[in-house]
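Notes follow the structure.
The values are calculated or read from the model by the stated rules, or taken from the named source; none is laboratory data. Since the structure is predicted, the reported quantities are computational estimates derived from the model, not experimental observations. Note that each Cβ is placed from the backbone with ideal geometry, even for glycine, and that neighbours are counted across all protein chains shown. Ligands, DNA and RNA are stripped out before the accessible areas are found, and what is left, the full protein with its side chains, is counted by its heavy atoms. Shrake-Rupley method; radii C 1.70, N 1.55, O 1.52, S 1.80 Å.
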Amino acid sequence: MDKVSYYLIFFLKIMKQILKYALIPLFFLLSNSLKAEFHFAKQDSTTTLHVAGNCGMCKKRIEKAAKISGVASAIWNEDTQKLALTYNSNKSTLEVIKKSIADVGHDVENVRGNDKAYQELHECCLYPRLENATVSPASTVSSTNLNTTTAIDSTAKLQVAGNCALCKKRIETAASINGVTSAIWSVDTKKLILKYNAQKAPLETIKKGIAAVGHDVDNLRADDKVYEQLHECCLYPRMENGNLIEATAKKTDSHDHNHIVTGVVVEENEKGDLNPIVGVNIHWLEDKSKNVRTNENGVFKLQHHGNFKQIVVSFAGMQSDTITVKDLHEVVMINAKSNVLAEVVVTGSRRSNFINRMNPARVEVLTTKELFKAACCDLSESFETNASVDVVSNDAVTGSKQIQMLGLSGIYTQLTVENLPGPRGLAAPLGLNSISGSWIESIQIAKGIGSVANGYENMAGQINVELKKPQNSDRLYFNAYANNMGRTDVNLNLAKKINNNWSTSFLLHDNFMYNKKMNFSGNGFRDIPVGNLFSGVNRWNYENGKGLIAQFGIKYLNDDRTGGQTDFNKKTDKGTTNRYGLGFDIERIEGFAKIGYVFPENRHRSIGLQLAGSNYNQKSYFGLKNYNGEQQNGYANLIFQDVLGTVAHKYRVGASVNYDNYDELYLDIQNFKRKETVSGAFVEYTFSPNEKFDAVVGLRQDYNSLYGWFTTPRLNLRYTPFSGNTLRLSAGRGQRTANIIAENMSALASSRTLIIKSPNNFKNAYGLQPEVSWNTGFTIDQSFRLFNREATASVELFRNSFDNQVVVDYENPREISFYNLNGKSYSNSIQAELRFSPLPRLETRLAYRLLDVQTDFESGRKSKPLLAKHRGFTNLAYSLPSGWSFDYTLNIVGDKRIPSTIENPIEYQVATKSNAYVTMNAQVSKDFGKHKNFTIYVGGENLTNYFQHNPILGADDPFGSYFDTSLLWGPLTGRMFYTGVRFHIN
């Protein structure tokens, strides 16, 4: 028998079994159904009745009352106020059904509901009475007072915009003027049910009172200034002609793909203050295994599956709630009051980049959506669409980059990963390349002084990176990237929820660069080192639902790259003068853990322990110079927080210890070793009497094993004087120990002589004193309406003044000198930014920044070299519901001062000032698939094709006296194009 005949016979046998076991029973079911339909067709009648009601409770009550003997089905629609009835006219009459509904308090067409039953309904069920309903004898109330009230009082239903429990309080309070008997507003329907005396309280007066507190009501729009001053969670979508325009738009949005339901669980006290609850269990009613718990901010992200519609919210000691998810784009807000969890839905557009108005510190948050505006292969490329942070190359050959904020080098900005120490010390120069962009959930940028709980090293600001969490990440996320210069990046994230308590994930990143000939300037040197960088994270999360949360994991990095002249061969040329080359062989291993506990009897009280330890090993060479460095770091931070009486008074206390063991070998002869331990304690008090004002005062006392005791005071104030306006003031001290060789590695890729001017014979850290600075900042944020949409304008002013600084002096072209500051060193920064949406789905940001950074060098006061005084910035982002996204970024960079080279021969001299230049980046992406889980993106960087044509001084003689790669002031490479794909499985 041939294969075709065999498969044909097999197929026929299968079909026979299907006919036998599936279609025959289906026939009997169908015949019985037809009989039943025929039977009911002969006896049942259908009709529709107008029944007054308000909410889900009314629906249950009406349908239950209607289902008397003989009624087959009764379905009431809240929107149409219609009751669809199917009943047996031989067993029941329409008048009997109406009377049954009227007896429980609901008007039904021409029959008035029982007045006594109506008065006893739940507050949210007090619907406007039907004018044509007459009182039947059975429903007449004998009380004279009640009849009088019914005759005098009127009822009305108003459309009032709002979001949450705070809105409900505000609306109902404003409506409850003299003459109003009851005012009940529903968060779900946005309807206000009024019972009022029209002579004492005219309806227009009530409306004006509601609008006066910031809420649109029917066709009356609230004052914009009052609206903008509302609490952040109360900023509802505005109404036009009595309709919620954004809510209407949502109804047309396609939901044929999976979403992540985002929500927050907060507790409301007697003053109306909202505080997050940690560890609340959230799961789908349809499948309990699909569950998450709220994080330290009370936020949860629950993956939506199929047709799941209801989530269950539970927490120890509180009454649970089951919530129907009506719109997957809405933020679900769970408000706990009197130990009862209840839902409030907060709607509003989610921006890719925003500033939290209620935070005492001005923190700018970059979401995953913002990071997707560019390729973002690693952390150093995650700020390309941001006006506050600059990322610049350190030199023309090593590929290392640094962030700059407030005009200061990245070493003065504290970099943390989930509030644990990020790449620091010897790892700082190349650390930005080690964190993959696909790992990042969000980035928080805080300029100026931060919290004492995070340490003492913050001098210009803090950048905190939040990685994707195993408990709410995609099961699989894959990203592949390639550009026309020969670089390829591959990223793979895997997450697994083991059970209700445990979850784990792997985050993997591999970077390949093997184009040895990439050299835009034609000077014979590779613009980017070639080789491979691999990094990975394995992390675990544990939550027991009783207040205990634990996270721990391990990170690994291996970076092996080679740079230098395009024809450099490591095997034959390393250590010789045949050709100039440089190389890095770096390995870093890190372990971390975060353990927190929220006390069940007092959820404002919690204790947390943060732990981290790492080992960093670097072997590198720069021509004939060798540099090897090793660092072991250990960190522990214990934090306890609670309230003093009420939530208006909060405090945090804690203790921390940081240990570093450095071993650096330079030129195989100079060995710099040191062990440095800094231990201390801190206290921080927060005063928040109302929504308009916050004051955070912090103080920490630390002991440095090399430099002794030091004190770190810090202050952050926030004040909202009027509608939409937020003022912030910050001030405080920062201190750090410089790692002069690792932080200035670009100097090693030159012929400059390294000189350390140590006043105490190289004791402690290179014989230099620690760096100490004071930072003061003042910011203004003002929101307003522009193009009939929300817009924000901001102005920031920051000054950083050094008491002591390790001055890095490039002013002699054949030397790099390090010495302690003798005089003044300061930076002044002014930035203005405008954010607005001229069209629906189009986000626009415009910014301008002015920097004045001056230092007293040994040769006199000069501005900081290689830093632009002026910078202009524009970012446009447009997205369509179909999955298309378009992003464009423009940077205008002013001229920069170049360190003097006048002592060099004329052929090795350069200008003292660079040119100004313009760069443009753009990207287009498209989501595909039923679940929108496949994305293709293409883009270009530096589309103006502007690059520095002479980035290396003395490139013709790399082993000569005038070779220098550190005078880089512009883009190193020209126009670059890239493409990539993203794929994820929920």
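Treat each spin label as a single point 7 Å out from the Cα along the C-beta direction, and report the residue 501 to residue 573 distance in nm.
5.9
Where does each of 89, 773 land when they are ordered by accessible area, with a 1.4 Å probe and the largest first?
Result, largest first: 89, 773.
Quickly work out the residue 441-to-residue 884 label distance, labels modelled 7 Å from Cα along the C-beta direction, and quote it in nm with one decimal.
3.4
Compute the distribution of all C-alpha to C-alpha distances in the range 720-838, in bins of 10 Å from 0, and list the percent of pairs in each, rounded to whole numbers.
Pair shares across the bins are 12, 28, 23, 16, 14, 7, 0.
For the pair residue 924 and residue 223, what calculated FRET efficiency results from E = 1/(1 + (r/R0)^6), where r is the Cβ-Cβ distance and R0 = 41 Å, to the nearest 0.05?
In this case the efficiency is close to 0.50.
Sum up the lysine pairs in the range 634-785 that clear both bars: alpha-carbon distance under 27 Å and a spacing of 8 or more or different chains.
Final tally of qualifying lysine pairs is 5.
Keeping every protein chain present and rolling a 1.4 Å probe, give me the accessible area per residue for the chain in Å².
Here the residues of the chain average 43 Å² of exposed surface.
Percent relative contact order of the range 653-768, based on C-alpha pairs within less than 8 angstrom and at least six residues apart?
Reported as a whole number, the value is 16 percent.
Run the 1.4 Å probe and let me know the accessible area of residue 663, rounded to the nearest 10 Å².
Roughly 60 Å² of residue 663 is accessible to a 1.4 Å probe.
Among 720, 47, what's the order by accessible area (1.4 angstrom probe), most exposed first?
Descending accessible area places them as 47, 720.
So how do 489, 856 rank on accessible area, 1.4 Å probe, biggest first, that is with the largest at the start?
856, 489
Hey, any idea what % of the chain's accessible area is carbon plus sulfur with a 1.4 Å probe?
57
Where a ≥ b ≥ c are the square roots of the eigenvalues of the C-alpha gyration tensor, would you call the range 422-503 rounded, which needs a/c under 1.5, or, failing that, prolate if a/b is larger than b/c, or oblate?
oblate
Give me the one-decimal nm value for the distance between modelled label points at residue 661 and residue 182, 7 Å along each residue's Cα-to-Cβ direction.
Using points 7 Å along Cα→Cβ, the separation is 7.3 nm.
Please work out how much length the chain gains when fully extended from residue 484 to residue 687, using 0.36 nm per residue of separation minus the C-alpha to C-alpha distance, in nm with one decimal.
This chain segment gains 67.6 nm when fully extended.
Leaving ligands, DNA and RNA out of it, work out the accessible area of residue 755 with a 1.4 Å probe and give it in Å² to the nearest 10.
About 50 Å², ignoring ligands and nucleic acids.
What chymotrypsin sites (Phe, Trp or Tyr not before Pro) in the range 512-601 are in a loop by DSSP, with at most 12 other Cβ atoms within 10 Å of the Cβ?
Answer in residue order: 514.
Given a Förster radius of 51 Å and the C-beta distance between residue 959 and residue 842 as r, what FRET efficiency does 1/(1 + (r/R0)^6) yield to the nearest 0.05?
For R0 = 51 Å, the calculated efficiency reads 0.40.
Within straight cross-link reach of residue 824, meaning Cα distance under 12 Å, which aspartates and glutamates are found once same-chain residues fewer than 8 apart are removed?
803, 856, 858
Express in Å², to the nearest 10, the accessible area of residue 589 obtained by rolling a 1.4 Å probe over the protein heavy atoms while all chains stay in place.
Ignoring ligands and nucleic acids, residue 589 comes out at about 80 Å².
Which whole-number percent is the relative contact order of the chain (Cα, under 8 Å, 6+ apart)?
For the chain, the relative contact order is 7 percent.
Give me the number: length gained by fully extending residue 784 to residue 979, i.e. 0.36 nm times residue separation minus the C-alpha to C-alpha distance, one decimal in nm.
66.4 nm
Taking residue 116 as the anchor, which lysines have their alpha carbon closer than 18 Å to its alpha carbon, excluding any fewer than eight residues away along the same chain?
Cross-link targets: 98, 99, 195.
To make sure I understand the rule: partners must be aspartates and glutamates, Cα under 17 Å from the Cα of residue 574, and not fewer than 8 residues away in the same chain. Which ones qualify?
Here the aspartates and glutamates satisfying the reach criterion relative to residue 574 are 560, 585, 668, 957.
Calculate, for residue 815 and residue 913, the FRET efficiency according to 1/(1 + (r/R0)^6) with r their C-beta to C-beta distance and R0 30 Å; round to the nearest 0.05.
0.90
Looking at this model, which pairs from 290/369; 469/932; 469/497 are more than 18 angstrom apart at the alpha-carbon?
Violating the 18 Å limit, Cα to Cα: 290/369; 469/932.
Under the 0.36 nm per residue contour assumption, what length would be gained going from the current alpha-carbon distance of residue 324 and residue 77 to full extension?
Contour length minus the Cα-Cα distance gives 87.2 nm.
Strictly over 18 Å apart at the Cα level, which of 64/190; 59/168; 401/862; 301/496 would you flag in this model?
Violating the 18 Å limit, Cα to Cα: 64/190; 59/168; 401/862.
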